[in-house]
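Working notes for the structure below.
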Amino acid sequence: MRGRGSMRAAIIGYGKMGREIERILRERGHEVGLIIDVGNAGDLNAEKMAGMDVALEFTTPDTALGNITRCLELGVPVVCGTTAWTAHLPQVEELCRRRQGAFFYASNYSIGVNVAFELNRQMARMMNRFPEYDVTIEETHHTEKKDAPSGTAITLAEDVVAALDRKTRWTGGTTTVAEELEVTSVRRSVAPGTHVVTYESPVDTISLVHNIKSRAGLAAGAVSAAEFLVAQVEAGRRGVFTMKELLEL
């Protein structure tokens, strides 16, 4: 029997993040009711998902949309941390509205990264007044990371473009087009995960840097998001949620 305040969770995607999420769920007194990976993808069905309070989806860009859609169709709230699939996000938002579902998405579940997102937005608004500063973004990850630029880098870039009049779009890789925001990706065999937003003028440089030390912070944030989402559903609130709501930014 589950204790008061505990939830029954399904983990979809059992790689390094999935295993870390499992550890933290159990550590916090939650029940892991189902683990789905490549070998048992067919278990994402009504019978196996019955009684699940929430699903945590951390898979691949090719499989995320199908997994999210299936969960919402089954009436199971979803926390998704997969990146590089969000061209389909409006489709998920519409399905969520139509099904009266609950969905939580973040490109990065680290509390520190989300504070950095907020600082990045504020910094971009401030720097809009100073056109002598050019801005670039660089992200560094391990070679196992499947997408480039990272979802975190894309979020940073989109927020800069929204605030800076002199940047109309971002582009992956180097560029000589003044209106483009350069977002470069570095992949190394051993890398902690680093994002750097740099403003450079002829006289000085300003950098906003975030280094992640382990997956534990990401997994803890994802479990916090799941706890938050389940609490919203229990209070009768449905819809699409982000880290802004969780962190009250």
Next on the checklist: What's the number of the only condition in (1) crowded, with 21+ Cβ neighbours inside 10 Å; (2) assigned to a loop (DSSP other than H, G, I, E, B); (3) modelled with pLDDT of 95 or more; (4) not acidic (Asp, Glu) that Phe104 fails to meet?
Outcome noted: (2)
Checklist entry - Of the residues that sit in segment 107-128 and are surrounded by fewer than 16 Cβ atoms within 10 Å (Cβ to Cβ) and among the hydrophobic types (A, V, I, L, M, F, W, C), which one is nearest to Ile68 (Cα to Cα)? => result Val115
Checklist outcome for this item: segment 149-249: helices (runs of 4 or more DSSP H) wholly inside it with 2 or more residues that are crowded, with 20+ Cβ neighbours inside 10 Å, in the same structural domain as Ala116 (by TED's automatic domain parsing) and of a type outside the set (A, V, I, L, M, F, W, C) are 151-163
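Taking segment 43-69 only, how many residues are outside any loop (DSSP other than H, G, I, E, B), of a type in the set (Val, Ile, Thr) and either under 14 Å from the mean Cα position of the chain (by Cα) or under 22 Å from Val233 (Cβ atoms) (or both)? I'd like the intermediate steps shown before the answer.
Of the residues in segment 43-69, the ones outside any loop (DSSP other than H, G, I, E, B) are 43, 46-49, 54-57, 61-69.
From what is left, the residues that are of a type in the set (Val, Ile, Thr) are 54, 63, 68-69.
This time we only want the ones that are either under 14 Å from the mean Cα position of the chain (by Cα) or under 22 Å from Val233 (Cβ atoms) (or both), so: 54, 68-69.
Here the count works out to 3.
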Next on the checklist: Go through (1) in a helix (DSSP H, G or I); (2) under 22 Å from Trp85 (Cα atoms) for Ile24 and report which single condition fails.
Outcome noted: (2)
Checklist entry - Looking only at residues in segment 1-21 that are assigned to a loop (DSSP other than H, G, I, E, B) and over 21 Å from the mean Cα position of the chain (by Cα), which one is modelled with the highest pLDDT? => result Met7
Checklist outcome for this item: From the option list Arg129, Arg98, Arg125, single residue qualifying as in a loop (DSSP other than H, G, I, E, B) and either at pLDDT 95 or above or under 24 Å from Leu218 (Cα atoms) (or both) is Arg129
Checklist entry - Quick check: anything in segment 48-60 surrounded by 14 or more Cβ atoms within 10 Å (Cβ to Cβ), closer than 24 Å to Lys146 by Cβ, free of Cβ contacts under 8 Å to residues at least 40 places away in the same chain and among the hydroxyl-bearing types (Ser, Thr, Tyr)? => result no
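Answer yes or no: is there a residue in segment 29-42 that is of a type in the set (Asp, Glu) and part of a helix (DSSP H, G or I).
Residues of segment 29-42 that are of a type in the set (Asp, Glu), as a first pass: 31, 37.
Subsequent filtering for residues that are part of a helix (DSSP H, G or I) retains none.
No, that holds for no residue.
The values are calculated or read from the model by the stated rules, or taken from the named source; none is laboratory data. If you're wondering where the values come from, they're calculated on a predicted model, not measured in any experiment. Note that each Cβ is placed from the backbone with ideal geometry, even for glycine, and that neighbours are counted across all protein chains shown.
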